[in-house]
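Novice: Once you've had a glance at the structure underneath, I'll fire off some questions.
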Amino acid sequence: MTGDQSRPRLPSPGRLGLLDDRAAGWLDYLGWTDEESIPTLWSLSRAPDPDLALGALVRLRESLASESHGKSATARAGHETGVAALDSALRTDPELRGRLLGLLGSSSALGDHIVAEPTRWALLRSGLPTREDVLADMLAAVEAVPEEPAEGAPEPTQSAELRSVGTYRAGVTGGAAINALRSEYRNHVALLAAHDVGATVEDLPTLAFTDVGHRLSDLADAALTAALAVAVATVYPDGPMPGRLGVVAMGKCGARELNYISDVDVIFVSDPADAKTARVAGEMMRIGSMAFFEVDAALRPEGKSGELVRTLDSHAAYYRRWAKTWEFQALLKARPMTGDVALAEEYHATLYPMVWAAAERDDFVHDVQAMRRRVEENVPENLRDRELKLGRGGLRDVEFAVQLLQMVHGRTDPDLRVTATIDALGALRAGGYIAREDGAELLSAYEFLRLLEHRLQLQRYKRTHLLPPADDAEQMRWLARAADIRPEGRHDAAGVLERELKTVRRRVRGLHEKLFYRPLLDSIAAYDAEALSLTSEAMERQLAALGFGSPRNALGHLRALAGQNNRRGRIQALLLPTLMEWLADTPDPDGGLLAYRKLCEEHQELSWFLRTLRDDPFVARRLITVLGTSAFVAELLLRAPEVIPDLTDGAEGPLLVASGAGDIASALTAAAARHRTP
């Protein structure tokens, strides 16, 4: 017997990556033990978690076989949904196979949703619906009809075909409405997720995470439109709602970059702002939170202690007199969502322009620095390496810096007035506010981190930003496979993921250099004639936003240091982005920059000086900290630059503090001897 004849063609559970002791029995139960099953078996092996997918398939088949199910899903999908139909589809339909196995291997929660009503598997045959289709499905789930417009209101946006946002009235209320909405919403999430992860199993089109974010935001709009319809019917069961209530989406939903599991932030604007209109808003939030996701109105004026609904005039008065910097930053992502859309659009048209004046406020820099510190301090030390969102080199670093640059330069450049982080990065690159290469790297890093965030949330359908612990090899392997990361060379998928994470976070850690200081220096040095350069006014705005009290003087110092067309100028251009970031964290950045310029000009012939700063980060960091903290010590260093190399680390810490009393006395005597007067 030849080797080819002795080796069975049917792969063993181990070769398929199945580790569960029950796997062989499960495969036998499904009838996947003949050669016709081989393509399906190899597809199973590519699922993010083959054991999870196989176990869910077994439960799905048992559920299909155990009872007779209704035909709602069958009619909707247009296909048979029984055991034989499922088996045939898995063997012959690569699209369905990729979507179903990808979904079951990525999400235990959505797998449970499919198994609970097993004919739902046939929904995954469908293509992705349009925004209008999703609206119609969500509103039909509660038998909604268009609500009569309030007296004097503009032409309403709701439609008899249920294919546009607006104010509707539900025919179903109470617990029945919540159950119907929850089921319909999860059906749409499952379909989207199946399309999202199907490419990990079969050769199917890959969805960009931006497309996923857009579709999830459209689904949230439809879901809250339906929740509002139930709220209207609950509070006004016998007649039309007399007032107007507009809903404004904020945060990630406002920017149409929603995650699978996110709070959806909203603000209500009404006319009038009375108790009954507030009841409608509160009921919408309650229904939405029970059926879909947490609906949060904490971004409203005065936060959770403020009124839930306000008139447009009341909103405008608050932002003119009382709003803090972070509240204007939050307005960056405001978007008219549903309800009385005309009123929500008035809100946006009135308040959005105020965002671009916020950077002129006296406390802007202080508020920005305080917000940055709070973000860093809110992450427990033991979770910082696992936090995708708030940890160092995480998503918030990119989002925070992009929004700050938008607020600084958006006053004069309308092209920067966009809501989504990806769009803002593109606009900043196109406008020359960040270097094109740096912007491309940050875009790639941001997309990678958001993809991991999506996969983590899908697994148990819970809001999370935490990576698995470093020692949890099984979970890291699952995450890598769910993100479609494949082995490379000697690294398995988990090893490739860990390597990529380190690279991405290191890249993002240089965020403030790359987004703030490098364009300043590139514009001054003008190394690349084809690169877009910042104007003097733009550079001064940026320096002011970074904490420099006299941005014009600071710009002059930078030009003097980095504007030289020689070796010193090139080294300064390499050093200054990092040095400037460190200076911004000192008590006196302006004084520190002036002292640094004096030091460089006074001792420009010392060949070791810039070389030491370039090659020894301990010396550079400590020198900058001293220069930005004490004018007295800066003056001493100007007179005795030979002390600067001693700022480096020795065996027991900084060399300077390791010196004995005799060494210090000798140095003082030698320094005094160089001067004729004491």
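Novice: Using amide H atoms built in the peptide plane, which far-off residues or other-chain residues are under 5 Å from residue 168 H to H?
Specialist: Long-range HN contacts for residue 168: 147, 229.
Novice: Over all pairs of distinct alpha carbons, what does the Kirkwood formula give as the hydrodynamic radius of segment 441-504, in Å?
Specialist: Computed over segment 441-504, the radius equals 12.0 Å.
Novice: While we're looking at this one, here's another question. So how far, in whole Å, is the C-alpha centre of segment 574-598 from the one of segment 238-309?
Specialist: 45
Novice: Need one number: nm distance between label points at residue 38 and residue 392, each 7 Å from Cα along Cα→Cβ, rounded to one decimal.
Specialist: Distance between label points: 5.2 nm.
Novice: Just want the answer: with Cβ charges of +1 for Lys and Arg and -1 for Asp and Glu, which residue in 483, 405, 443 is farthest toward the dipole's positive end in segment 364-509?
Specialist: Highest projection toward the positive end goes to 483.
Novice: What's the exposure ranking of 253, 600, going from fewest to most Cβ atoms within 10 Å?
Specialist: The order, fewest Cβ neighbours first, is 600, 253.
Novice: Compute, for the chain, the length of the dipole vector about the Cα centre, with Cβ point charges of +1 (Lys, Arg) and -1 (Asp, Glu) only. Units Debye, rounded to 20.
Specialist: 1260
Novice: On to the next question. Can you order the peptides 418-428, 183-193, 315-325 by their average number of other Cβ atoms within 10 Å per residue, highest first?
Specialist: Ranking the peptides 418-428, 183-193, 315-325 by packing returns 183-193, 418-428, 315-325.
Novice: Could you tell me, in Å, what Rg and Dmax come out for the Cα atoms of segment 364-509?
Specialist: Considering segment 364-509 through its Cα atoms, Rg and Dmax are 16.6, 51 Å.
Novice: Pairing the Cα long axis of helix 551-562 with the longest principal axis of the chain, what angle in degrees results, from 0 to 90 and rounded to the nearest 10?
Specialist: That helix lies at roughly 70 degrees to the long axis.
Novice: Please list, in chain and number order, the residues 5+ apart from residue 418 or on another chain whose amide H is under 5 Å from its amide H, with Hs placed from the backbone.
Specialist: So residue 418 has HN proximity to no qualifying residue.
Novice: Under a crude label model (7 Å from the Cα following the beta-carbon direction), how far is residue 84 from residue 361 in nanometres?
Specialist: 6.9
Novice: If you don't mind, another one. If you plug each phi of segment 444-458 into the Karplus form 6.51 cos²θ - 1.76 cosθ + 1.60 with θ = phi - 60°, what whole-Hz ³J(HN,Hα) values come out, in order, with x for Gly and Pro?
Specialist: Those phi angles translate into 5, 5, 5, 4, 5, 5, 5, 4, 4, 4, 4, 5, 4, 6, 5 Hz.
Novice: Next question, about the same structure. Treat the count of other C-beta atoms within 10 Å as a stand-in for reagent exposure and order 260, 446 from fewest to most.
Specialist: Ascending number of Cβ neighbours within 10 Å: 446, 260.
Novice: Take the Cβ-Cβ distance between residue 384 and residue 618 as r, set R0 to 25 Å, and report the resulting FRET efficiency rounded to the nearest 0.05.
Specialist: Working from the Cβ atoms, E equals 0.65.
Novice: Beta carbons within 10 angstrom, averaged per residue: use that to sort the peptides 398-411, 52-65, highest first.
Specialist: Top to bottom by mean Cβ count within 10 Å: 398-411, 52-65.
Novice: Moving to a separate point now. Roughly how many nanometres apart are two label points built 7 Å out from the Cα toward the Cβ at residue 377 and residue 22?
Specialist: 5.0
Novice: Moving on. Place a point 7 Å from Cα of residue 415 in the direction of its Cβ. Which residues in segment 424-446 have their backbone N less than 17 Å from it?
Specialist: Flagged as within label range: 424-440.
Novice: While we're here: Quick one: order 509, 597 by neighbouring beta-carbon count within 10 Å, fewest to most.
Specialist: By the 10 Å Cβ count, ascending: 509, 597.
Novice: Also, quick follow-up: Roughly how many debye, to the nearest 20, is the charge dipole of segment 131-353 about its Cα centre, given +1 on each Lys and Arg Cβ, -1 on each Asp and Glu Cβ, and no other charges?
Specialist: Dipole size: approximately 700 debye.
Novice: Can you tell me the 0 to 90 degree angle between the C-alpha axis of helix 395-409 and the longest principal axis of the chain, rounded to 10?
Specialist: So the inclination is approximately 70 degrees.
Novice: What would the Debye formula give as log10 I(q)/I(0) at q = 0.08 Å⁻¹ for the alpha-carbon point model of the chain, no solvent?
Specialist: Listed by q, the Debye log ratios stand at -0.75.
Novice: Same structure, new question: Please determine, in degrees from 0 to 90 and to the nearest 10, the orientation of helix 536-545 with respect to the longest principal axis defined by the Cα atoms of the chain, where the helix direction is its Cα long axis.
Specialist: Once rounded, the angle reads 80 degrees.
Just so you know, all these numbers are worked out from the coordinates, no wet-lab data involved. Computed from a predicted structure; not experimentally measured. All Cβ positions, even for glycine, are placed from backbone atoms using ideal geometry, and neighbour counts span all protein chains on display.
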